[in-house]
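Encoded as structure tokens, the structure appears first; notes follow it.
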Amino acid sequence: MNDVLVGRALVKRFGQTVALGGVDIAVRAGEAVAIMGPSGSGKSTLLHCLAGIMKPDAGEVHLLGQRIDTMGERKRSELRRTRFGFVFQFGQLLPELPAEENVALPLMLGGVPRSQAVRQAREWFGPLGLQTMETRRPGELSGGQAQRVAIARALVSKPAVVFADEPTGALDQRTGHDTMRLLVEATKHNGAGLIVVTHDPNVAGWCDRTVEVRDGLLAGGVRA
Ligand code: ADP
Ligand code: MG
């Protein structure tokens, strides 16, 4: 019962489109859950509702027992910065900042002085296999390295939950595999829950369990 994040009966419509038709899902601390399903089935919408990026039309989202979907945008934005980490498919690093400052950014936005934030950020480079990459600009990194920098940035503020939407979508298979293994290991090591949207079964294979979304509903009666 140590669910860190719970979504209950989540409904989200866009005009006539029912993107989510009443989804229940939960993730425990240290657990990695893959969300799979065809394009347009509602995976990203589910992630956005759980992460407080979108407000569901109905249903509830609870983080560590506290209801978060009814919070205003300012509180939800603060929550996203302090309690959640995000890894997207690509284009998430600021190109003009060195890698270490990209990682330090969430801390600096939270008021941590720059030198201290960068020191904390650097601690992530070794464990993620990014030694000597600290001062490179994102344009000087490979796709896999850039994703590992994004993973460091997602974890640097010790989030309760990490959300990843197609984190390996822009990588070749081998790099995607390595990136996913690091994402799962690093997130577990930090005791956070992980929710990964992917359509790659190999990527999902790194997670503890997989839930299938079909037309905005969880398919297969899987405990979610
Ligand atoms: P997936 O991530 O599984 O590919 P999405 O969650 O992005 O699916 O989309 C689910 C459905 O909701 C699709 O029919 C999509 O076209 C629609 N949808 C998603 N976001 C929006 C939006 N911002 N405005 C209108 N329709 C949207
Ligand atoms: Mg999507």
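The number of residues in the range 1-19 that are under 19 Å from the mean Cα position of the chain (by Cα) and within 13 Å of ligand 2 (Cβ to nearest atom) comes to 0.
Selection of the range 21-46 for residues being more than 19 Å from Val87 (Cβ to Cβ), touching a residue at least 12 places away in the same chain (Cβ under 8 Å) and either surrounded by fewer than 20 Cβ atoms within 10 Å (Cβ to Cβ) or more than 8 Å from ligand 1 (Cβ to nearest atom) (or both) yields Gly21, Gly22, Val23, Asp24, Ala26, Arg28, Pro38, Ser39.
Residue-by-condition table, conditions (1) crowded, with 21+ Cβ neighbours inside 10 Å; (2) modelled with pLDDT of 95 or more; (3) of a type in the set (Gly, Ala, Ser); (4) touching a strand residue (DSSP E or B) at 6+ places or on another chain (Cβ under 9 Å):
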{"residue": "Phe163", "(1), (2), (3), (4)": "yes, yes, no, yes"}
{"residue": "Leu194", "(1), (2), (3), (4)": "yes, yes, no, yes"}
{"residue": "His199", "(1), (2), (3), (4)": "no, no, no, yes"}
{"residue": "Asn202", "(1), (2), (3), (4)": "no, no, no, no"}
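Annotation: Gly72 fulfils all but one of (1) buried (at least 18 other Cβ atoms within 10 Å of the Cβ); (2) free of Cβ contacts under 8 Å to residues at least 40 places away in the same chain; (3) more than 16 Å from ligand 1 (Cβ to nearest atom); the unmet one is (1). Strands (runs of 3 or more DSSP E) fully within the range 1-104 that include at least 3 residues being in contact with a Gly (Cβ under 6 Å, 6 or more places away or on another chain): 3-14, 17-28.
Do we find that Leu50 is out of contact with any His (no Cβ under 8 Å at 6 or more places or on another chain) and within 15 Å of ligand 2 (Cβ to nearest atom) in this structure? For Leu50, the condition - out of contact with any His (no Cβ under 8 Å at 6 or more places or on another chain) and within 15 Å of ligand 2 (Cβ to nearest atom) - is met. Filtering Thr132, Thr168 for residues that are over 23 Å from Thr82 (Cβ atoms) and without any contact (Cβ under 8 Å) to a residue 12 or more places away in the chain leaves a single hit, Thr132.
For the range 54-86, filtering for residues that are within 16 Å of ligand 2 (Cβ to nearest atom) and at pLDDT below 95 leaves 0.
The values are calculated or read from the model by the stated rules, or taken from the named source; none is laboratory data. Owing to the predicted nature of the structure, the values given are computational and were not obtained by experimental measurement. Every residue, glycine among them, receives a Cβ derived from its backbone with ideal geometry; neighbour counts consider all protein chains shown.
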